[in-house]
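Notes for the one structure printed next.
The values are calculated or read from the model by the stated rules, or taken from the named source; none is laboratory data. Remember, predicted model here, so these are calculated numbers, not experimental data. For neighbour counting, all protein chains shown are included, and Cβ atoms are generated from backbone atoms with ideal geometry for every residue, glycine included.
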Amino acid sequence: MVYKDQIFRLQFDNRRIIIVPEEFSNSVDFSKILLDSKPVPNVEYCRNLRFLGKLNKQRIYNKLSSTLTGNKYKDYSDLAIRNFIKGLLSSPQRFGLDNSLTNYSEIIVFIRGFKPKIKISKFSISRLKNRQIIFKPVPRTKETLKFVEYIKTKFKDFDENTFLQ
């Protein structure tokens with residue numbers, strides 16, 4: 001199994017526009033609803049939809065280095081660790097975290113207390129902070145639940161419901 005960040009969208013040929021009824025305008029989950037569609041008004045509109053639809057399929061170029069960034073994780077605990085670090089570095093801090101870890105060295109020591117062989121450095125944490133912080137959903141698995149319990153040893157007010165999917 002390969003774990004990686006990926007945006008899943010409904011893929012279609014972008015020649016039709018989905019019509020959302022008024023009673024479902026505030027809804028996010030359309031999995032149990034059959035929606036209708038109408039044709040796209042013109043060729044230029046369809047071309048723009050196709051351009052936007054392929055943006056998530058392209059690899060992202062990182063301007064701080066000459067290589068393309070990867071979005072793969074070894075397992076779900078890596079994803080949970082990266083989201084935890086993003087929660088610490090965001091302003092304001094997320095998931096009920098506080099300022100008890102003040103610098104990158106303390107963050108690395110804390111993370112290595114849970115997973116000693118993780119590849120993490122001050123530079124990688126700095127890159128996470130300087131990029132646009134996007135929080136990925138962390139699935140509720142055995143390894144992520146163990147990590148949440150480890151976080152709660154230091155952060156008593158940690159909100160696991162917003163952290164986990």
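Would you confirm whether or not the stretch 102-113 contains a residue that is more than 19 Å from Lys146 (Cβ to Cβ), assigned by TED's automatic domain parsing to the domain that holds Phe147 and modelled with pLDDT under 80? Looking through the stretch 102-113, at least one residue is more than 19 Å from Lys146 (Cβ to Cβ), assigned by TED's automatic domain parsing to the domain that holds Phe147 and modelled with pLDDT under 80.
Would you call Lys4 surrounded by 10 or more Cβ atoms within 10 Å (Cβ to Cβ), at pLDDT below 80 and either among the charged types (D, E, K, R) or within 30 Å of Asp159 (Cα to Cα) (or both)? For Lys4, the condition - surrounded by 10 or more Cβ atoms within 10 Å (Cβ to Cβ), at pLDDT below 80 and either among the charged types (D, E, K, R) or within 30 Å of Asp159 (Cα to Cα) (or both) - is met.
Answer yes if at least one residue in the stretch 101-124 is touching a residue at least 40 places away in the same chain (Cβ under 8 Å) and polar (S, T, N, Q), and no otherwise. Within the stretch 101-124 (the criterion being touching a residue at least 40 places away in the same chain (Cβ under 8 Å) and polar (S, T, N, Q)), the answer is no, since none of the residues qualifies.
Considering (1) modelled with pLDDT of 75 or more; (2) more than 18 Å from the chain's Cα centre (by Cα), the lone condition that Leu64 does not fulfil carries the number (1).
The C-beta contact set for the stretch 41-58 (first residue over 21 Å from Ile134 (Cβ atoms) and surrounded by 10 or more Cβ atoms within 10 Å (Cβ to Cβ), second residue hydrophobic (A, V, I, L, M, F, W, C) and modelled with pLDDT of 85 or more, distance under 9 angstrom, 6+ apart or interchain) comprises Cys46/Val40; Leu49/Val40.
Inspection of the stretch 127-137 identifies at least one residue that is surrounded by fewer than 12 Cβ atoms within 10 Å (Cβ to Cβ), within 17 Å of Tyr3 (Cβ to Cβ) and either in contact (Cβ under 8 Å) with a residue 12 or more places away in the chain or not charged (D, E, K, R) (or both).
In this entry, Phe147 passes the filter for residues that are closer than 22 Å to Glu160 by Cα, crowded, with 17+ Cβ neighbours inside 10 Å and assigned by TED's automatic domain parsing to the domain that holds Leu89. Scanning the stretch 81-95 for any residue that is loosely packed, with under 12 Cβ neighbours inside 10 Å, in the same structural domain as Asp157 (by TED's automatic domain parsing) and modelled with pLDDT of 75 or more turns up at least one such residue. Taken as a whole, the structure leaves Leu128 outside the set of residues that are within 13 Å of Tyr76 (Cβ to Cβ) and either modelled with pLDDT of 85 or more or assigned by TED's automatic domain parsing to the domain that holds Arg94 (or both).
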